[in-house]
Amino acid sequence: MTAETLAVPNRPTLERVPPIASHRVAMIALIMSELMLFAGLLGMYLVVRLSAATWPPADQPRLPLVVTALNTLVLFGSLVPMTRALGAVRRGHDADAARGVVVTAILGALFLAIQGAEWARLVHHGLTLASSLYGGAFYILIGCHALHVLTAVVWLVIVAVLTARRYFSAASHAGLEMCVIYWYFVSGLWAVLFPLVYLY
């Protein structure tokens, strides 16, 4: 009996599919690190807030509650076209997906523009980063969130271009899904920051 006779025939190997896709694991790790950052910022804000005798200080302007509440609706409303975009690309509807991402990017940019205009008004009325602990805590916390929204909007623009060029498909759309997850993350953060900073 020769060695060739004893050789075991090659058996097809089954590809092991991970229980969680690698891009989702990466997003979980990113979001966890971001949550630790905001946990520290929220802790700082609460320490300043709870140690103050009066809040906000009498000599500081009040935050624009009505405008910011309407602006919050803009941000939360942007979740609708973003969710539809992901559903559309999963069904192979590239045009609908691209349109949804573009609308989300526009609403995100509108949210930032309105927020920027309100900040300019607050600065004009004397609320600056150095005017008080109230101003410093406000701009550091809300400004950090705005920076994350800006990053997400830039990401949305890139994804919109890729979607329009049919880069994503029903079988391969990890980049779009990661963007959707991150957009939900920044919107979820605002759901915590808005009532804490503007209402509490």
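The values are calculated or read from the model by the stated rules, or taken from the named source; none is laboratory data. Remember, it's a predicted structure, so these values are computed and weren't measured experimentally. In this analysis, Cβ positions are derived from the backbone assuming ideal geometry, glycine residues included, and neighbour counts consider all displayed protein chains.
Residues in segment 80-97 that are out of contact with any helix residue (DSSP H, G or I) (no Cβ under 6 Å at 6 or more places or on another chain) and closer than 21 Å to Gly188 by Cα: Val80, Thr83, Gly87.
List pairs: first in segment 32-51 and under 17 Å from Phe194 (Cα atoms), second surrounded by fewer than 12 Cβ atoms within 10 Å (Cβ to Cβ), Cβ under 9 Å, 6+ apart or cross-chain? Between residues of segment 32-51 that are under 17 Å from Phe194 (Cα atoms) and residues that are surrounded by fewer than 12 Cβ atoms within 10 Å (Cβ to Cβ), the close pairs are Arg49/Tyr200. Would you call Trp155 outside any helix (DSSP H, G or I) and either of a type outside the set (Val, Ile, Thr) or farther than 19 Å from Val192 by Cβ (or both)? Spelling it out, it is not the case that Trp155 is outside any helix (DSSP H, G or I) and either of a type outside the set (Val, Ile, Thr) or farther than 19 Å from Val192 by Cβ (or both).
In segment 77-94, is there at least one residue being under 23 Å from Val180 (Cα atoms), among the aliphatic types (A, V, I, L, M), surrounded by fewer than 16 Cβ atoms within 10 Å (Cβ to Cβ) and out of contact with any Cys (no Cβ under 8 Å at 6 or more places or on another chain)? So that I can check it myself, show each step before the final result.
Here is the first cut: in segment 77-94, the ones under 23 Å from Val180 (Cα atoms) are 77-94.
Of the ones still in play, those that are also among the aliphatic types (A, V, I, L, M) are 79-80, 82, 85-86, 88-89.
Next, from what is left, pick out any that are surrounded by fewer than 16 Cβ atoms within 10 Å (Cβ to Cβ): 80.
Filter once more, so that each one left must be out of contact with any Cys (no Cβ under 8 Å at 6 or more places or on another chain): 80.
Looking through segment 77-94, at least one residue is under 23 Å from Val180 (Cα atoms), among the aliphatic types (A, V, I, L, M), surrounded by fewer than 16 Cβ atoms within 10 Å (Cβ to Cβ) and out of contact with any Cys (no Cβ under 8 Å at 6 or more places or on another chain).
Run down Thr104, Thr54, Thr72 and say which single residue is more than 20 Å from Trp190 (Cα to Cα), of a type in the set (Val, Ile, Thr) and either surrounded by 16 or more Cβ atoms within 10 Å (Cβ to Cβ) or free of Cβ contacts under 8 Å to residues at least 12 places away in the same chain (or both). Give the steps one after another, and end with the answer.
On the way: Thr104 fails: more than 20 Å from Trp190 (Cα to Cα); Thr72 fails: more than 20 Å from Trp190 (Cα to Cα).
Testing whether each residue is more than 20 Å from Trp190 (Cα to Cα), of a type in the set (Val, Ile, Thr) and either surrounded by 16 or more Cβ atoms within 10 Å (Cβ to Cβ) or free of Cβ contacts under 8 Å to residues at least 12 places away in the same chain (or both) leaves just Thr54.
When restricted to residues that are touching a residue at least 24 places away in the same chain (Cβ under 8 Å) and either surrounded by 18 or more Cβ atoms within 10 Å (Cβ to Cβ) or among the hydrophobic types (A, V, I, L, M, F, W, C) (or both), segment 57-67 contains 5.
Considering only residues of segment 1-41 that are among the small types (Gly, Ala, Ser) and modelled with pLDDT of 80 or more, which is farthest from Gly143 (Cα to Cα)? Only one residue fits best here, namely Ser22.
Can you name the residue in segment 153-181 that is surrounded by 19 or more Cβ atoms within 10 Å (Cβ to Cβ) and either within 29 Å of Gly43 (Cα to Cα) or out of contact with any Asp or Glu (no Cβ under 9 Å at 6 or more places or on another chain) (or both) and, of all such residues, is modelled with the lowest pLDDT? Steps first, answer last, please.
Here is the first cut: in segment 153-181, the ones surrounded by 19 or more Cβ atoms within 10 Å (Cβ to Cβ) are 153, 156, 159-160, 163, 168, 173, 176, 179-180.
In the following step, the residues that additionally are either within 29 Å of Gly43 (Cα to Cα) or out of contact with any Asp or Glu (no Cβ under 9 Å at 6 or more places or on another chain) (or both) were identified as 153, 156, 159-160, 173, 176, 179-180.
Values: Val153: 97, Leu156: 96, Val159: 95, Ala160: 94, His173: 90, Leu176: 93, Cys179: 95, Val180: 95.
Here the residue is His173.
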